[in-house]
Each structure stands twice: as structure tokens, then as C-alpha cells.
1. Scan the stretch 83-99 and give yes if some residue there is touching a residue at least 24 places away in the same chain (Cβ under 8 Å), part of a strand (DSSP E or B) and in contact with a Phe, Trp or Tyr (Cβ under 6 Å, 6 or more places away or on another chain), otherwise no.
2. Out of contact with any Ser or Thr (no Cβ under 7 Å at 6 or more places or on another chain), in contact (Cβ under 8 Å) with a residue 12 or more places away in the chain, surrounded by fewer than 16 Cβ atoms within 10 Å (Cβ to Cβ) and not β-branched (V, I, T), is that true of D61?
3. Looking for whichever is closer than 20 Å to R106 by Cβ and in a strand (DSSP E or B) here; the options are V64, V40, V8, V76. Which one fits?
4. Return the residues of the stretch 10-52 that are more than 20 Å from T82 (Cα to Cα), surrounded by 13 or more Cβ atoms within 10 Å (Cβ to Cβ) and among the charged types (D, E, K, R); say none if nothing qualifies.
5. Out of (1) loosely packed, with under 12 Cβ neighbours inside 10 Å; (2) touching a Cys at 6+ places or on another chain (Cβ under 7 Å), what's the single condition that is false for S72?
Amino acid sequence: MSNYKEIVTKTIVGKGRKTSHDSYSLTPENTPNTVLGCWVINHNFNGSNNQNDVNIKGSFDINVWYSYDNDSKTAVTTRNFTYEDHMKLRVKDLDALSNENEIIVRSLKQPTVQDVKISGNDVKLNIEKELGVEIVGEGKVKIAIEEDELPWDDIYEEDTIDDVKEDYLKEENNIQS
């Protein structure tokens, strides 16, 4: 018959991922003729637990490089945008959920510009991002312990060496000479 031990460890009790396609609009100082480039930087986010749901609040900067004045001048405009995402997660262990669970949010795909258009004085952008969330809680693992297993090897006194000759090297040097 085996004995059992329980090990308490951190475990992922819920996880999920969400891809978002959102539209944003910004108005540059000058009326744009052509969008020469746009990029998203400084993506920051964090998640808060709401049982088996997670609320994510984040922000990023959108930079748009554009030409104006009949394509004779260029400028870059920057604007910070905030967002909130709500994610329902697959939960593996409802009993392990609590408000003290650790929430890990990862950007699986950084926000990127999928489409950009000029509409009057505004620049309209479609941004895609993908976030992954894990809820970390505590779990128990039960393992079997065999009774006939010896916890330590025995060291017997007769295996030790007591009669070490301290002058061994001196004796060897005298023999070779």
C-alpha cells in the first residue's frame, strides 16, 4: 500500500486569448494629402480579475507621417489612445478562483495598423492586436510515496580509510631515486 503526499503549487486555472480590430481617428494640425507611414508604439496594459472574466485596460501611441500643402511638406502627428477589453476565460478549476489570483496579460500580437485612410481633415486607422491572459492560482497535486523506498543510503564505517600513510609520497620519491 502507498502513502500519499499533497504538494501545493502555483497553477494556471484559467486562460484565453482575444484578437481585436478597432477603428481610431486622429486629426493632424494640417490637412493631409497623403499618408506616408504610420506605426503604433508604447503599448502598455494590465488586467484585473473579475472571477472568470478579466478586464484589461491599456494604451498606445499612434504616429502618422503625412504630407500636406499639395505634397510639398511633411509632418508627423502623435496621439495617445486608451482602450478597455473584457475577456471571458475558460476556467479549469472554479474552486481555485479568488480575487487574490495573479493575472498575467501578454501581447501575443502587438497593435499594428491594418488600414489607413484620409477622410477630410481626419486620418482613420484600423488597428489589430491580440492579447493572451492567464489566471494563476494555487492547486494541489497528490503523489504516491512507496513504503519500501529508502530515504538515504547508509554509509558503513568499514568503508572509510583510517590507515593513511602520511609519508607515502616521500617513500615513493625514495624508491624512484
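1. no
2. no
3. V40
4. Hit for the stretch 10-52 is K15, nothing else.
5. Failed condition: (2).
Bear in mind that the values in this text are calculations on the coordinates, not laboratory data. Since this is a predicted model, take the numbers as computed values, not measurements. Every residue, glycine as well, gets a Cβ built from its backbone with ideal geometry; the counts of neighbours run over all protein chains shown.
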